[in-house]
Every structure is written in structure tokens, then in C-alpha cells.
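Let me begin by presenting the structure, written as C-alpha cells, before commenting on it.
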Amino acid sequence: MAKRKVCESTEISPKVGKSPPKRSGQTIQARYQSELKKLQRLTKDVIPDDRRNAIMPLMSNIAFLKVKLDQARNELMGESIFTEYDNGGGQSGVREHPGFSAYNKLFTTFSRGIKQITDMMPTGSTAADALAEYLNETRFGG
């Protein structure tokens, strides 16, 4: 009997075939798609198509950041802002929780992206107000 590499096989083991799909990856992807569609709707009639095509990568990144910010907020909800450390070399103390530092960096990048899109909109447009609400929804966990 000839040996086959795993990648050459199209057979699925019964155990794998019966296991449910991983929901977390699908859920995150679905949330990302939902956020991207929301951003596309908010900018649809306000930003000309040629400019919208140029900012699609930015909108994609903002949707990604929104999902990650929501995840981080949920993870950090029960955590303290500060955490104790001991580096093993006799130094110990209290420092800022690394998760909060990462969250702040994500949020800064997210809000800059929202501002870039808002700056492309006409002054006083309702879409710009809607993007501001989108930012506040993320900021305050709405």
C-alpha cells in the first residue's frame, strides 16, 4: 500500500466530518462583513464612487478594528487597569494592564480612520453625523 501525504487525500475522517464548524471564526467574519456593509451604507450617497473605491481598504480596516475593539472591550470588562508583575530578576511592581494599552492603540487608529472618512464628506452632512454616532457606539460600547 502506497503512502499518501495528508494534503493529497480528499477523504474526511468520520470524526472531523461529524464535528460542528467552529463558530467563533464564522461569527467574527460575519460581524466584520456586517460592519463593512454598515460603513458602505453610511458613505454610499455622500462620497463619490471614485473616492469610495480609494477608501475601501480604509473602510475594511475600520470594520476589522470595530470587531476587535468590541472583542477587547468584552475581554477587559472584568480586568483591572493595573496588573502586578514580577520579572524574576528581583523586580516587581504594578504596571498598566497590556490589554488596555493595546485597546487604546486600536481605538486611536479606529478614530483616525473615521476622521479620514468624515473629512471626505461635505460639511454638515447627515452621513458625517452617522459616522460620529458610529464612533461613539464603539467608544461607549453601544
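A short reminder: the numbers here are calculations on the coordinates, not readings from a lab. Small disclaimer: the values here were computed from a predicted structure and weren't measured. In this analysis, Cβ positions are derived from the backbone assuming ideal geometry, glycine residues included, and neighbour counts consider all displayed protein chains.
For the residues L65, L76, L106, L39, the requirement of being touching a Gly at 6+ places or on another chain (Cβ under 9 Å) and closer than 16 Å to L135 by Cα singles out L65. Can you tell which of I47, I62 is surrounded by 18 or more Cβ atoms within 10 Å (Cβ to Cβ) and in contact (Cβ under 8 Å) with a residue 60 or more places away in the chain? Sole residue among the options that is surrounded by 18 or more Cβ atoms within 10 Å (Cβ to Cβ) and in contact (Cβ under 8 Å) with a residue 60 or more places away in the chain: I47. Filtered by the rule that a residue be closer than 20 Å to D119 by Cα, of a type in the set (V, I, T) and under 9 Å from the mean Cα position of the chain (by Cα), the stretch 27-74 gives a lone residue, I62.
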